[in-house]
Each structure stands twice: as C-alpha cells, then as structure tokens.
Amino acid sequence: MKLLFFVLIGLLCVTTVYTQETVVIDSSKVDSKYREDQFYLAITYNLLANKPSNLKQTGFSSGFHFGFIRDFPLNQNRNFGLGLGLGGSINSYNHNIYLYETEQGDISYINLSDADIGYSKNRFSTYLIEMPLEVRWRTSTASEYKFWRIYTGFKVGYVVANSTKFKGDLGKIKHTNLKAFNDFQYGLSLSAGYNTWNFHVYYSLNSILNNDANTGSEALDMSAIKFGLIFYVL
C-alpha cells in the first residue's frame with residue numbers, strides 16, 4: 001500500500017506539470033464538436049458513517065480511485081452534459097472491530113477495545129470495479145483547457161475482492177474474500193474545482209457490511225463518506 005501511494009503521488013506530480021504547460025492552439029484546427037473525455041485519479045480520506053457507539057476509527061483510512069469517463073455534451077456550447085465512466089477503487093478502513101471467520105465458516109466480530117485486546121493494526125480493505133454517472137457543467141471551450149467545473153452524480157461499484165489485516169496480541173492474522181461485505185456499493189458523488197485540482201466527495205447510500213454484521217449488542221450498519229482530491233487529464 002505504501003509503494004502504491006508513492007507511485008500515485010509521482011503520477012500526480014507529472015500530471016500537474018504537464019497540464020500546467022502553456023498550450024498554443026491552432027485556430028484552424030479547433031474542434032467545434034469537442035468532448036471532455038477524461039482520465040481521472042482521486043485520493044480520499046475514508047470516514048465511517050452510521051457507525052455504532054463502540055466503533056472507533058484509528059489511523060488513516062485511505063482511498064485510491066482511477067478510471068476513464070466518456071463525455072456526452074447536451075447543449076450547443078458543449079459546456080453542459082453527461083459523463084459515463086468505468087474505473088477501479090481501493091479503500092482501507094482502520095478501526096477497532098476485528099472481523100474473522102470461524103471454523104464453521106461463519107463471520108464473527110469482536111470489539112477490540114471492549115475485549116481489552118491490544119493491537120497495532122486492524123483494518124479491512126475493499127477492491128471495487130466502479131461505474132460513475134455524472135451531470136457535468138464546466139466553463140470550457142474548444143480552445144480552453146483550463147476551466148471551472150462542477151460534476152455531480154451517482155456511482156455504483158462491485159466488490160471484486162476484500163481483505164482484513166490484524167496485528168496485535170492475537171498475532172498476525174489476514175483473511176481474504178470474507179462473506180461479510182455487500183457485493184454492491186453505491187452512492188452520490190460531487191467533484192468541483194479548477195483545471196487539474198478539484199475537490200471530491202462521495203456519500204454512500206448503503207452499508208459496507210451485510211445485514212448479518214453485528215457485535216452482539218449493535219448492528220454494524222456503517223456506510224462510507226470519502227473526501228479528498230480528484231485530478232482530471234484530457
């Protein structure tokens with residue numbers, strides 16, 4: 001995960017330098033039917049919402065999101081339209097609930113704080129294929145590559161894999177592909193900003209874990225709120 005983080009930071013630096021270069025446009029080659037087709041890369045901080053009172057997030061919970069969006073202009077000026085994309089997402093959540101699979105194949109949950117179990121790492125991660133659908137407004141023109149934008153919409157993702165990692169009094173334990181997660185994750189998204197740098201927020205409309213998830217006293221009906229920066233490259 002640390003290697004992936006530094007690789008992404010390097011890509012962002014290269015992207016920023018490239019997109020801020022002065023571009024000379026030949027007016028004879030301006031495309032009046034241009035589209036804002038874009039590759040995107042986002043880094044977010046992931047919060048758990050609707051969490052039970054005994055669940056606490058620990059450490060930094062991160063998200064990495066990437067993909068491509070096809071632009072469909074809806075007006076003559078081509079500054080208003082729709083965007084439909086395909087991408088991927090890697091999300092981690094650090095917290096004090098230990099997920100594990102019993103010998104019978106059931107999923108159990110232990111609150112590490114209540115059980116007085118010491119640990120230095122406890123998190124679960126999800127890996128998704130995502131499809132964003134956006135309503136897009138921008139101040140772009142056929143010859144202007146730097147512009148203001150507001151993109152809002154809906155994003156649905158399918159969890160292709162998941163994992164949990166624990167390090168503490170119980171040893172080093174890792175599980176993969178536990179049947180504890182909802183296969184589909186969906187929610188509302190908003191991206192707004194100028195040129196390469198844009199603020200991004202995602203609000204999940206369903207829970208991360210399935211309906212069977214609970215600590216005995218409370219259901220783990222928690223959802224995700226992700227906010228950070230998103231970068232677009234034409």
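The values are calculated or read from the model by the stated rules, or taken from the named source; none is laboratory data. Computed from a predicted model, the values in this text were never measured in an experiment. When we count neighbours, we look across all protein chains shown, and the Cβ atoms used for this are built from the backbone with ideal geometry, even at glycine.
Being under 20 Å from I129 (Cβ atoms) and at pLDDT 90 or above is true of H200.
Suppose we filter the range 139-155 for residues that are over 19 Å from the mean Cα position of the chain (by Cα) and buried (at least 18 other Cβ atoms within 10 Å of the Cβ); how many remain?
Matching residues across the range 139-155 total 2.
Every condition in (1) without any contact (Cβ under 8 Å) to a residue 24 or more places away in the chain; (2) outside any strand (DSSP E or B) holds for K174 except the one numbered (2). E134 meets each of the listed conditions (1) without any contact (Cβ under 8 Å) to a residue 60 or more places away in the chain; (2) of a type in the set (D, E); (3) under 21 Å from S89 (Cβ atoms) apart from (1).
Looking at L112, L84, can you tell me which residue is within 26 Å of the chain's Cα centre (by Cα) and not hydroxyl-bearing (S, T, Y)? Quick ask: steps written out before the conclusion?
Working: L112 fails: within 26 Å of the chain's Cα centre (by Cα).
Testing whether each residue is within 26 Å of the chain's Cα centre (by Cα) and not hydroxyl-bearing (S, T, Y) leaves just L84.
Table: residues versus (1) assigned to a strand (DSSP E or B); (2) among the charged types (D, E, K, R); (3) farther than 27 Å from I150 by Cα; (4) modelled with pLDDT under 90.
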{"residue": "C13", "(1), (2), (3), (4)": "no, no, no, yes"}
{"residue": "Y18", "(1), (2), (3), (4)": "no, no, no, yes"}
{"residue": "K33", "(1), (2), (3), (4)": "no, yes, no, yes"}
{"residue": "L47", "(1), (2), (3), (4)": "yes, no, no, no"}
{"residue": "K51", "(1), (2), (3), (4)": "no, yes, yes, yes"}
{"residue": "N54", "(1), (2), (3), (4)": "no, no, yes, yes"}
{"residue": "F66", "(1), (2), (3), (4)": "yes, no, no, no"}
{"residue": "L84", "(1), (2), (3), (4)": "yes, no, no, no"}
{"residue": "I90", "(1), (2), (3), (4)": "yes, no, no, no"}
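Considered as a group, the residues in the range 197-234 that are among the hydrophobic types (A, V, I, L, M, F, W, C) and part of a loop (DSSP other than H, G, I, E, B) include one that is farthest from N182 (Cα to Cα), and that residue is L234. Does any residue of the range 104-112 turn out to be part of a strand (DSSP E or B), farther than 27 Å from V201 by Cα and free of Cβ contacts under 8 Å to residues at least 40 places away in the same chain? Looking through the range 104-112, at least one residue is part of a strand (DSSP E or B), farther than 27 Å from V201 by Cα and free of Cβ contacts under 8 Å to residues at least 40 places away in the same chain.
Within the range 40-59, is even one residue charged (D, E, K, R), buried (at least 17 other Cβ atoms within 10 Å of the Cβ), more than 19 Å from S125 (Cα to Cα) and touching a residue at least 40 places away in the same chain (Cβ under 8 Å)?
Step one: filter the range 40-59 for residues charged (D, E, K, R), giving 51, 56.
Filter once more, keeping what is buried (at least 17 other Cβ atoms within 10 Å of the Cβ): 51.
Cutting the leftovers down to more than 19 Å from S125 (Cα to Cα) gives us none.
Checked against the condition, which is being charged (D, E, K, R), buried (at least 17 other Cβ atoms within 10 Å of the Cβ), more than 19 Å from S125 (Cα to Cα) and touching a residue at least 40 places away in the same chain (Cβ under 8 Å), the range 40-59 yields no hits at all.
Note on the range 206-234: residues that are without any contact (Cβ under 8 Å) to a residue 60 or more places away in the chain, surrounded by 15 or more Cβ atoms within 10 Å (Cβ to Cβ) and over 18 Å from the mean Cα position of the chain (by Cα) amount to 0. For the range 144-181, a residue qualifies if it is out of contact with any Phe, Trp or Tyr (no Cβ under 9 Å at 6 or more places or on another chain) and modelled with pLDDT under 95, and the qualifying residues are E144, Y145, G171, T176, N177, K179. Against the definition (in a strand (DSSP E or B), modelled with pLDDT of 90 or more and surrounded by fewer than 17 Cβ atoms within 10 Å (Cβ to Cβ)), how does L133 come out, yes or no? Criteria met by L133.
Checking each residue in the range 114-129 for being part of a strand (DSSP E or B) and not polar (S, T, N, Q) picks out Y119, K121, R123, F124, Y127, L128, I129. Does A180 satisfy the condition of being of a type in the set (G, A, S), closer than 25 Å to L48 by Cβ and touching a residue at least 24 places away in the same chain (Cβ under 8 Å)? Judged against the criteria, A180 is a match.
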